[in-house]
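Accompanying notes for the structure given below.
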Amino acid sequence: MKVEQLSPGGFLIRERVDVSSIFAEHHVGLVRLALVMVGDRATAEDVVQEAFARTHAGWGRLRDPDRALAYVRSAVFNGCRSVMRRRAALFRRAVPYEPPVWSAESEVLLSEERREVLLALRELPRRQREALTLRYYLDLSDQEIAETMGISGSTARSTIARGLAALAKALGEGS
Amino acid sequence: MNSPVENRLREALVEAGATIDPATLMPLQASRRRRVRVDFRLVTAGVAVVLAGVTTALLVASPGDEQRAVAADPSADPVEVSLFLCGAATLKSPDCREQIVTEEKARSMREILQGMPDVTELRYEDQMTVYADFRQRYASNRAWLDAVAPGDLTAVFRLKLKPETDVPAFLRRATALGGVAAFRYPKMIPSLDDLKADKTDVSVFLCAKQAPTPSCGAVLAPGKPETDRKIAKAGKAITLAQLNAVAKAIATTPGIRSMSYESQQEAYERFRKAYADNKVLLQATRPTDMPTSFRLQLDPKADWDDVVGKLRRMDGVASVVNSRCETSLLEIQVRYGVLVPAQKLCGTRSS
């Protein structure tokens, strides 16, 4: 019988404390990021929790503690992606989860104006949607967005430009 | 510099994000274990599908006085919470930061906890007390006694909180004291008593259309981690001929006392009752997500592993679960805070 081992070794204590504190410090922010990506709070919390546990498990792979926040963010981001993928695969017919914040059924009341924007964002291709979320929700730079999404800086830039144009079109605004 | 679209987008995202009230977030746990969730669903209702994206946070029931908790009106019950302290067994948990809780630290934690207005009752059990309790409870079961050593266990605070307590906030304050390796909290799972009262000893889950398990012919895409592998090809439902063969095998296997068939709708009813408190899980689950099953009662003297192994190898059978064993696993997890590898002791999972 063995208690699950979650960290690679004792010599990593200091860095582990770092990742804990990054999560502690950014917990709300990360859950909010997950929320705007997956739509419902319960899943968002779970994604962050899962990322937290996994980051601990995989800490040995992270060389540069300065990049810890970017790493943590990517972990949450990837968690959201796989939630969306699994939903698409498994719940095509069923009501999958709590009504998302951008739907009219949501318990959380957003104004019609906000919902319209969020719904238009939903309709964009995945990469554009993700890049716009990182830019306009987290105010990340092109380079940070590129790192989080695992694409190049110039791709990030052009994806944002295209996404923004598509969004403007969908909302009937010339930009 | 910002276009109107950019501004609208920014405001909409901020407003959506702001709907999360930081005060209501559950604290993070580095050592939360995912596997129990899945096991647990198998025990309760045999949901063989993977309910992806559904959050049943692992808030496992704390034990305490189960009988009383079930008998009384749930809304007026005290909330029971167990805080497992950092000990040798949980040292590796990042929540412990390599620190064991000393007696002195436990005393000071106790004082602080007792001073919290939500706490109505507090009991401290040291490692040996917990172990003695474990030995007594599983006295008749050699395998379980062998599986858990005193060193696997840690001291624990068993708390009762006022019914109106804001539990997430309380747990945040409690874990902030340091030295808490894990917590267990009942809200999201049905009670162990309900599980124990269930007459089923062994469930034989049958393959449904689009079954995700390899035992039904599904092919998983290569990749890691194991739990997140995508399904490359879905499995097939059990055929009528296979169903007849399984029913016949059950009827002719010695050691099986009785058998009943549970439809999707019946399974769903049971599931709904068990998870009445968990709105998210219920919303995500449809009767069609439920597997059909044969529910068996076995002769206590029969070789259960033999029965399970034989049925598991049959075509059209998704999995065979020894519910008694799984329930005990869950009980150990909930009451003693340790995770015993299920494959080793129950050895009945095929998917």
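Please verify whether A:ARG93 is modelled with pLDDT of 85 or more and charged (D, E, K, R), treating the condition exactly as stated. Spelling it out, it is not the case that A:ARG93 is modelled with pLDDT of 85 or more and charged (D, E, K, R).
Taking helices (runs of 4 or more DSSP H) that do not extend beyond the range B:80-188, which have at least 2 residues that are aromatic (Phe, Trp, Tyr) and touching a residue at least 12 places away in the same chain (Cβ under 8 Å)?
B:127-137
Residue count for the range B:98-112 satisfying the condition of being over 9 Å from B:GLY179 (Cα atoms) and within 14 Å of chain A (Cβ to nearest Cβ): 1. Scanning the range A:124-134 finds one or more residues that are in a loop (DSSP other than H, G, I, E, B), at pLDDT below 90 and either buried (at least 19 other Cβ atoms within 10 Å of the Cβ) or not aromatic (Phe, Trp, Tyr) (or both).
So that you can scan it fast, the table gives a plain yes or no per residue for (1) modelled with pLDDT under 80; (2) in a helix (DSSP H, G or I); (3) more than 18 Å from B:THR200 (Cα to Cα):
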{"site": "B:GLY223", "(1), (2), (3)": "yes, no, yes"}
{"site": "B:ARG257", "(1), (2), (3)": "no, no, no"}
{"site": "B:GLU266", "(1), (2), (3)": "no, yes, no"}
{"site": "B:GLU269", "(1), (2), (3)": "no, yes, no"}
{"site": "B:LEU296", "(1), (2), (3)": "no, no, no"}
{"site": "B:VAL307", "(1), (2), (3)": "no, yes, no"}
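Among residues of the range B:191-202 being out of contact with any Pro (no Cβ under 9 Å at 6 or more places or on another chain) and outside any loop (DSSP other than H, G, I, E, B), the one that is modelled with the highest pLDDT is B:VAL202.
Out of A:VAL76, A:VAL108, A:VAL117, which single residue is at pLDDT 75 or above, under 25 Å from B:THR19 (Cβ atoms) and facing another protein chain (nearest Cβ under 7 Å)?
Every option except A:VAL117 fails the conditions.
Residues of the range B:65-92 that are away from chain A (no Cβ under 14 Å) and either modelled with pLDDT of 65 or more or under 21 Å from B:PRO168 (Cα atoms) (or both): B:ALA69, B:PRO74, B:SER75, B:ALA76, B:ASP77, B:PRO78, B:VAL79, B:GLU80, B:VAL81, B:SER82, B:LEU83.
Every condition in (1) modelled with pLDDT of 65 or more; (2) over 12 Å from the mean Cα position of the chain (by Cα); (3) more than 9 Å from chain B (Cβ to nearest Cβ) is met by A:ARG85 except one, and the failing one is (3).
Scanning the range A:20-65 for residues that are modelled with pLDDT of 65 or more, closer than 25 Å to B:ALA181 by Cβ and more than 8 Å from chain B (Cβ to nearest Cβ) yields A:SER21, A:ILE22, A:GLU25, A:HIS26, A:LEU30, A:VAL47, A:ALA51, A:ARG54, A:THR55. Only one of the numbered conditions (1) under 26 Å from B:LYS162 (Cβ atoms); (2) away from chain A (no Cβ under 14 Å); (3) under 27 Å from the mean Cα position of the chain (by Cα) is not met by B:ASP95, and that is (2). Taken together, the residues in the range A:146-174 that are within 14 Å of chain B (Cβ to nearest Cβ) and either aliphatic (A, V, I, L, M) or in contact with a Leu (Cβ under 8 Å, 6 or more places away or on another chain) (or both) amount to 10. Just one of the listed residues (A:GLU123, A:GLU113, A:GLU147, A:GLU173) is in contact with a Pro (Cβ under 8 Å, 6 or more places away or on another chain) and either touching a residue at least 12 places away in the same chain (Cβ under 8 Å) or over 18 Å from A:VAL31 (Cα atoms) (or both), and it is A:GLU173.
The values are calculated or read from the model by the stated rules, or taken from the named source; none is laboratory data. Computed from a predicted model, the values in this text were never measured in an experiment. Using ideal geometry, Cβ is built from the backbone for each residue, glycine included, and neighbour counts are taken over all protein chains shown.
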